[in-house]
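Note sheet for the following structure.
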Amino acid sequence: MERQKNFIIFIVILIGIFFRFYQINYEDLWIDEIFSFWIADPNISYFETIKRHNSIEQIPIFFNLILKFFYSIFGYDVKIGRYLVAILSSLSLIYCFILSQEFKNKDFKLIFIFLISFNIFLIKYSNELRPYSLIVLLFILSLLFFFRYLNNPDYFFNL
């Protein structure tokens, strides 16, 4: 029975990842995505990146620095940046499965993964060049570490 549930969860996660990459560059960039693209230009210095960021954005610069590094590896193209966001969103799904292992109620696992995989907002935002998927990933990782700490207060000291 547990093996069958894990197979269903695996299929749900794969479908969720598919939806995050499906028609990823179907729409053109919105104005706020153009700002992220402009700020993360790998051909300018970090000082200029920070200057551009501070002149436009009201979010922390962490996402734009990650995007700048991603562009420096894979090329500075409008269509490439959205793949980073989709990858971050897909990692969120995988870490949600790991987080669900911490739940006491094992039947809740399938519902939790289903809701996260087919959440239309998470799917839509994984196709935008904005930091929402990174924020969700960091939130899920925070929850995961918090639950592990609650279950074992010495968890971080035994890494």
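Give the residues of the range 16-31 that are surrounded by 13 or more Cβ atoms within 10 Å (Cβ to Cβ) and assigned to a helix (DSSP H, G or I), sorted by residue number.
The answer is 16, 17, 19, 20, 21.
Residue 105 fails exactly one of the following numbered conditions: (1) more than 14 Å from the chain's Cα centre (by Cα); (2) crowded, with 20+ Cβ neighbours inside 10 Å; (3) among the polar types (S, T, N, Q). What is the number of that condition?
Just one mismatch for residue 105, condition (2).
Does residue 113 satisfy the condition of being closer than 29 Å to residue 36 by Cα and either touching a Phe, Trp or Tyr at 6+ places or on another chain (Cβ under 7 Å) or of a type in the set (Val, Ile, Thr) (or both)?
no
Can you name the residue in the range 32-53 that is in a loop (DSSP other than H, G, I, E, B) and of a type in the set (A, V, I, L, M, F, W, C) and, of all such residues, is most open to solvent (accessible area, probe 1.4 Å)?
Per the stated criteria, the residue is 44.
Taking the residues in the range 125-159 that are within 15 Å of the chain's Cα centre (by Cα) and of a type in the set (S, T, N, Q) as candidates, determine which candidate is surrounded by the fewest Cβ atoms within 10 Å (Cβ to Cβ).
By that ranking, first place goes to 142.
Of the residues 95, 76, 71, 83, which single one is among the hydroxyl-bearing types (Ser, Thr, Tyr) and not in a helix (DSSP H, G or I)?
76
Check 4, 58 and return the single one that is assigned to a loop (DSSP other than H, G, I, E, B) and exposed (fewer than 15 other Cβ atoms within 10 Å of the Cβ).
Result of the check over 4, 58: 58.
Which residue out of 106, 124 is among the charged types (D, E, K, R) and under 20 Å from residue 26 (Cα atoms)?
Details: 106 fails: under 20 Å from residue 26 (Cα atoms).
Criteria check complete, one pass: 124.
Before we move on, is residue 122 modelled with pLDDT under 95 and either surrounded by 19 or more Cβ atoms within 10 Å (Cβ to Cβ) or of a type in the set (S, T, N, Q) (or both)?
Details: modelled with pLDDT under 95: yes; either surrounded by 19 or more Cβ atoms within 10 Å (Cβ to Cβ) or of a type in the set (S, T, N, Q) (or both): yes.
Yes.
The values are calculated or read from the model by the stated rules, or taken from the named source; none is laboratory data. Computed from a prediction, not measured in an experiment: that's the story for all the values here. Here the Cβ is made from the backbone with ideal geometry for all residues, glycine too, and neighbour counts use every protein chain on show. The protein model used for the area step is the full one, side chains on, heavy atoms only, and it has no ligands, DNA or RNA in it. Shrake-Rupley method; radii C 1.70, N 1.55, O 1.52, S 1.80 Å.
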